[in-house]
1. Assuming F434 fulfils every condition listed in (1) modelled with pLDDT of 90 or more; (2) within 15 Å of V347 (Cβ to Cβ) apart from one, which condition is it?
2. What's the total number of residues in region 132-160 that are buried (at least 23 other Cβ atoms within 10 Å of the Cβ) and within 24 Å of the chain's Cα centre (by Cα)?
3. Pick from region 68-99 the residues that are of a type in the set (S, T, N, Q) and at pLDDT 70 or above: which of them is nearest to the chain's Cα centre (by Cα)?
4. Got a sec? Which of V389, V346, V376 is in contact with a strand residue (DSSP E or B) (Cβ under 6 Å, 6 or more places away or on another chain), free of Cβ contacts under 8 Å to residues at least 60 places away in the same chain, assigned by TED's automatic domain parsing to the domain that holds E287 and among the aliphatic types (A, V, I, L, M)?
5. Return the residues of region 272-314 that are among the aliphatic types (A, V, I, L, M), surrounded by 15 or more Cβ atoms within 10 Å (Cβ to Cβ) and farther than 21 Å from K116 by Cβ; say none if nothing qualifies.
6. If a residue counts only when it is of a type in the set (D, E), surrounded by 19 or more Cβ atoms within 10 Å (Cβ to Cβ) and touching a residue at least 12 places away in the same chain (Cβ under 8 Å), which helices (runs of 4 or more DSSP H) contained entirely in region 1-71 have at least 3 such residues?
7. Return the pairs, sorted by first residue and then second, in which the second residue is among the polar types (S, T, N, Q) and modelled with pLDDT of 95 or more, the first residue lies in region 85-107 and is not assigned by TED's automatic domain parsing to the domain that holds R139, the beta carbons are less than 6 Å apart, and the residues are 6+ apart or on different chains.
8. Taking region 368-393 as the search range and keeping residues that are surrounded by fewer than 19 Cβ atoms within 10 Å (Cβ to Cβ) and more than 23 Å from the chain's Cα centre (by Cα), which one is farthest from V202 (Cα to Cα)?
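The values are calculated or read from the model by the stated rules, or taken from the named source; none is laboratory data. Owing to the predicted nature of the structure, the values given are computational and were not obtained by experimental measurement. Note that we place each Cβ from the backbone using ideal geometry, even for glycine, and neighbour counts take in every protein chain shown.
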Amino acid sequence: MFEQTFKNIDDILHKDAGCGSELDYVEQTSWILFLKYLDDLEKDRATAAELTGKTYTPIIAPEYQWTKWAAPKLRQAQLPGSGTPGKVVIDHNARTGDDLTDFVNNELFPYLKKFKLSADSADTIEYKIGEIFSELKNRIQSGYNLREVINRIDELRFRTHAEKHEMSHLYEDKIKNMGNAGRNGGEYYTPRPLIRTIVKVVAPQIGEKIYDGAVGSAGFLCEAFDYLASTGSASGNGLSTKDWETLQKRTFYGKEKKSLAYIIGIMNMILHGVEAPNIIHTNTLAENLADIQEKDRYDVVLANPPFGGKERAEVQQNFPIKTGETASLFLQHFIKILKAGGKAGVVIKNTFLSNTDNATVAIRKTLLESCNLHTVLDLPGGTFTGAGVKTVVLFFEKGKPTQKVWFYSLNLDRNLGKTNPLNENDLKDFLTLFEERRDASEGPETPNSWNVTVAELVEATYDLSVKNPNKKEEAALRHPQAILEEMKALDEESAEILNSILELI
């Protein structure tokens, strides 16, 4: 049901003059979905309060509640002689057309924006309501299209775990489709099989603070939440009430520069079950590294920072190693913001391993000297659909220098692409071998994996683009002169055979 509803909504928005692409469809669907989700959340809270004999005070004032302005309900008259009550339907007098858009733009949005100022703290859903509607605007120009979308979304329910789970997966699919919409939509999406593998390798624990400074659609934080929710507490007895509160309020943190990605990230986390995500709308790289104190640090970093971007000179001044390469600045930020003993899994372009410019060499040196870079996962081309670059994942722990790096090269028997994406099974061998590596001094040596000691690296460049010593060398290409001589000899041999045949005729 959910999937068909999303398709119908996209068809409606396609007809609206204010929505030009998949990016707009996701953005506009998000704020309406959020208000419907909020209505269901309020119903659940009211029911829970009633069961314990308490009184529930709604977050949203009565005149701005979903059931008042979006979907006021009426029960149809009972059919004569049917013996069954009439169906509950949306009141045909509900706002539509210009009345609806005027209310949404001039009353509803201004009301919801005020929550940011009146909320008790930033880790409440009230604050997130204010933050979301401070960043958004209604782009649906036709009030009749808006009415159709609202009616479709009103059919959805967010009451059970199964319903929320299905909705979160469909929302992920919409984010994935943004990659085909232009305007860099695809940069918000990292393949989920890869994220799940990174989370399993880093293995966060409940009580640890998890951070993504380039949060995008919050894929890393959502998968980390699912991982912690399913693996349970350290005691192995499942999650306690205290554990759930910790997951909800004191575990997941992120920063995002772009408005659309910020909204999508918050919405994605809410649909996955985190009511008030600690995601801030800011440029992470505008923060001076010298200002980061111990209280600002995190236990775990999980991230795929944007690659290929360039930062202005004033932003570079925030970093000890100056470079315009966005990913290199992010890597410096992640190293600095990790606590001693903190763990990280970071996706970066594979050229980071070998570039010889002064900045990259200096960052590699800093990484190897201040962190234990224990594992490098080398990914094949096509892992990121449409990105056109090869990437690696750096796994490291802060606080002690690197002695030995375990490399794993993911070699698949097929080309990756939009119709043939990376899947969980592709990474199974890597995960199995990593578990052998986890508490060992070095990783297993296989045709696809090998170990390199830091002492073996060239100290001047700290070049990490080490070739696989276990891979059989392909036969060296012959010299052109040798090939030409062989061709000449074969021609002469052919001529002799032809002459012999001619003599026989």
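1. So the condition that F434 fails would be (2).
2. Matching residues across region 132-160 total 2.
3. Taking region 68-99 as the starting set, the residues that turn out to be of a type in the set (S, T, N, Q) are 76, 78, 82, 84, 93, 96.
Adding the requirement that they be at pLDDT 70 or above leaves 93, 96.
Details: N93: 41, T96: 36 Å.
Per the criteria, the residue is T96.
4. Details: V389 fails: free of Cβ contacts under 8 Å to residues at least 60 places away in the same chain; V376 fails: free of Cβ contacts under 8 Å to residues at least 60 places away in the same chain.
Testing whether each residue is in contact with a strand residue (DSSP E or B) (Cβ under 6 Å, 6 or more places away or on another chain), free of Cβ contacts under 8 Å to residues at least 60 places away in the same chain, assigned by TED's automatic domain parsing to the domain that holds E287 and among the aliphatic types (A, V, I, L, M) leaves just V346.
5. L285, L289, V300, V301, L302, A303, listed by residue number.
6. 22-51
7. Every condition considered, no pair remains.
8. E369
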